[in-house]
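Read through the structure below, which is laid out as structure tokens, and then see the notes.
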Amino acid sequence: MVCVLSWVISNRYLQKIAKGSVRFNFKLTLRTYIYLLSKFYNDMRKLIILLCFITSYTSWAQTNVKALVGGTLIDGFGSTPLQNSVIIIEGERIKKVGRMGEVEIPKGAEIISTEGMSVMPGLWDMHTHLMLNGHSDYTHWDKTYKPPILEKVIMPSSAHQLLMAGVTSARDLGAPLEASINVRDRINRGEIPGPTMYMSGPFIQHKPYPGTEDFRWGVNGEADARNKIKKLAKAGVDFIKLIDQDEMTMEEVNAVVDEAHKNNLKVVGHSHRPEEIRRGMKAGVDCFEHTGLSSAPEYPEDIMDMIKERTAQMNLGPLFWTPTVEVLYNYNYIRDNPEQLDNDSWHLDLPDSIIQDIKGSIQQPGQLPYFQLNPIRKPTLERKMKQLKDAGVVLLIGTDSGVPLKFHSQSTWNELDVWVNEFGLDPIYTLRAASYWPSVLMGVDKDYGTVSAGKYADIIAVKGDVLRYISLLQDVDMVIKHGKRYK
Ligand SMILES: [Zn+2]
């Protein structure tokens, strides 16, 4: 057949000879014939490769269909959970969501039973520190675990641990710039396992504390503030982390927020001290972190007025706040019941030398200076959270995971547990604070935050009723991120 075809092609040349437009030359004809033949073989080879690719892609797409069948779906939108649910995942995305009997399961789909399970969006943790892992001595840690070990070992292991805990998206609030970008991008390229990360890179503040210059950038004047933000934006960070803004001039604070917004970056501000909140509010910070105000019983009236003035403005979107309460709330419990520190979930991907280093530093949890004021701060947390919630602030789940005694593998479910079981917040409200609302703040709610058609398949499931027993999240049974099953 090949010969016939090549003859047909070369025949055009022969016809030209017959017409006399080209003079007959046997050598030339043979050469043309061989040329056309080889060209034809080449084209056929390309065609066969293309056909093979199309066939294998089609069969890959077919086998890459998953159907999660039977469980109760809490979709993240906040309405009544859907019983006997079916979720069809095609490749990385959710294709269809509905009830058993109503949604057709495609032929050849991998069927995963979720009978008896609660199914929900993958969790978001809005305040993590990948560069830390529970060690009690920051000075020692920062000195010992710098890049490259920070980038190659510590941060990837933290990310992997978060993912295994059901966290499919997370915000990282402060780490060296290059390491932050590289770890995030390696996860996104599928080279290492971890949540979809949103990185701030270095903190922006008045002056870095000695020895922390790698991940804390001081600003000196308005122009310097703008330059530093431009540099971070150019490097590709996902948002700006502002801290100690009460030590900066108001011009500097305004410049940071304005330049960030010009570069389409949200600003996340610390709120440890009253003046940090006031300045952050004035400058237009988008999200505040921690309840702050140390052991003071509540937010003062003028701050509450500012917050209510802000939440009244629909055109600005919601005011977000990540109260990070579990780290303070659970301290007494961990001090008195340290057995949970021996849970080896936080060892994942860490070499033994680092595990021993961390273990050694938390032998006496009751004697850590970092936590001594916690028992006095603890009773103020519920009041402060209630003030914020009543003022219309949208609260987000975030943990400060990585700080002393706080492991990435355990922090997130503990935060949800305190909200629901200690402060009496509604479990669906709490789950939305760990799924839907974070995606809105980060501007990715078209792709993330709920289990609904068209979004990335970031889905987790636990055996049992998570709305009745939120602490079931301490052992997530199924983790799917971008359609790929990790657990
Ligand atoms: Zn933090």
Filtered residue count, the range 172-228, keeping only those that are over 23 Å from Lys487 (Cβ atoms), in contact with a strand residue (DSSP E or B) (Cβ under 8 Å, 6 or more places away or on another chain) and of a type in the set (Lys, Arg): 3
Tabulated pairs, the range 347-367, first under 15 Å from Asn337 (Cα atoms), second among the β-branched types (Val, Ile, Thr), C-beta under 8 angstrom, 6+ apart or interchain: Pro365/Ile334
Candidate set from the range 120-132 (those that are touching a strand residue (DSSP E or B) at 6+ places or on another chain (Cβ under 7 Å) and within 15 Å of the ligand (Cβ to nearest atom)); member that is nearest to Asp417 (Cα to Cα): Asp125
Residue among Arg184, Arg171 that alone is assigned to a helix (DSSP H, G or I) and either within 22 Å of Lys455 (Cα to Cα) or β-branched (Val, Ile, Thr) (or both): Arg184
Pair list, Cβ under 9 Å, 6 or more apart: the range 464-478 residue on the phi > 0 side of the Ramachandran plot, other residue assigned to a helix (DSSP H, G or I) and aliphatic (A, V, I, L, M): Gly464/Leu472
Residue that is nearest to the chain's Cα centre (by Cα) [pool: residues in the range 266-280 that are crowded, with 20+ Cβ neighbours inside 10 Å and not in a strand (DSSP E or B)]: Ser271
The lone exception for Lys262 - which of (1) at pLDDT 95 or above; (2) within 16 Å of the ligand (Cβ to nearest atom); (3) within 24 Å of the chain's Cα centre (by Cα) it fails: (2)
Some residue of the range 133-151 being away from the ligand (no atom under 16 Å from the Cβ) and hydrophobic (A, V, I, L, M, F, W, C): yes
Scan of the range 104-137 for residues that are assigned to a loop (DSSP other than H, G, I, E, B) and either surrounded by fewer than 21 Cβ atoms within 10 Å (Cβ to Cβ) or of a type in the set (D, E, K, R) (or both), ordered by number: Glu104, Ile105, Pro106, Lys107, Gly108, Ala109, Glu115, Gly116, His129, Asp137
Residue check for Asn227: surrounded by fewer than 16 Cβ atoms within 10 Å (Cβ to Cβ) and part of a loop (DSSP other than H, G, I, E, B): no
Matching residues in the range 152-168 - criterion: being outside any helix (DSSP H, G or I), in contact with an Asp or Glu (Cβ under 7 Å, 6 or more places away or on another chain) and either away from the ligand (no atom under 16 Å from the Cβ) or more than 21 Å from Ile460 (Cα to Cα) (or both): Thr168
Boolean, Gly166 is surrounded by fewer than 23 Cβ atoms within 10 Å (Cβ to Cβ), among the small types (Gly, Ala, Ser) and in the same structural domain as Trp413 (by TED's automatic domain parsing): no
Test: Glu191 is surrounded by fewer than 23 Cβ atoms within 10 Å (Cβ to Cβ), assigned by TED's automatic domain parsing to the domain that holds Leu441 and either within 16 Å of the ligand (Cβ to nearest atom) or not in a loop (DSSP other than H, G, I, E, B) (or both): no
Residue within the range 246-254 that is under 19 Å from Leu319 (Cα atoms), out of contact with any strand residue (DSSP E or B) (no Cβ under 7 Å at 6 or more places or on another chain) and surrounded by fewer than 23 Cβ atoms within 10 Å (Cβ to Cβ) present: yes
Some residue of the range 314-326 being within 16 Å of the ligand (Cβ to nearest atom) and assigned to a helix (DSSP H, G or I): yes
Hits in the range 297-310 (condition: over 21 Å from Asn254 (Cβ atoms) and either at pLDDT below 95 or not aliphatic (A, V, I, L, M) (or both)): Pro297, Glu298, Tyr299, Pro300, Glu301, Lys308
Filtered residues of the range 327-357 (kept if outside any helix (DSSP H, G or I) and within 23 Å of the chain's Cα centre (by Cα)): Leu348, Asp349, Leu350
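The values are calculated or read from the model by the stated rules, or taken from the named source; none is laboratory data. Keep in mind the model is a prediction, meaning the values are calculated, not measured. Backbone-built Cβ (ideal geometry, glycine too); neighbour counts: all protein chains shown.
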